[in-house]
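Would you mind keeping the following structure in view while I ask a few things?
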Amino acid sequence: MWHINNEYACHMSECYSDYPLQAFRKWLLNRYEHIDELNERWGTNFWSQRYNSFEEITFSGNTPDEANHLIIINHNEAN
């Protein structure tokens, strides 16, 4: 039998609900001041991951893999 939800979110203590996401976006705005600065520092042009606003930044969900590792790094710094 295949157990498809075995250890779901195992090793993940972060919360990805709306409230922490809004707080994270605010923290990013305070840190980078402008979305262009965030894009420059995160290197988003390289993989065509450029953001047009802080509202576009989302968490990928409960997974230890992330398209841009700086999202995780900054999220950890913000907490």
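The values are calculated or read from the model by the stated rules, or taken from the named source; none is laboratory data. What you see is a predicted model, and the numbers here were worked out from it, not measured in a lab. Every residue, glycine among them, receives a Cβ derived from its backbone with ideal geometry; neighbour counts consider all protein chains shown.
I need the full set of residues from region 37-54 which are at pLDDT 95 or above and either out of contact with any helix residue (DSSP H, G or I) (no Cβ under 8 Å at 6 or more places or on another chain) or of a type in the set (D, E, K, R) (or both), in order please.
Correct list: 37 only.
Any residue at all in region 64-72 that is modelled with pLDDT of 70 or more and either loosely packed, with under 12 Cβ neighbours inside 10 Å or among the aromatic types (Phe, Trp, Tyr) (or both)?
no
Tell me, which residue of region 1-36 that is farther than 17 Å from residue 75 by Cα and modelled with pLDDT of 95 or more is surrounded by the most Cβ atoms within 10 Å (Cβ to Cβ)?
36
Can you tell me which residues in region 37-52 are of a type in the set (D, E, K, R), in a helix (DSSP H, G or I) and farther than 19 Å from residue 76 by Cβ?
First, the residues of region 37-52 that are of a type in the set (D, E, K, R): 37, 40-41, 50.
When the remaining residues are screened for being in a helix (DSSP H, G or I), the result is 37, 40-41.
37, 40, listed by residue number.
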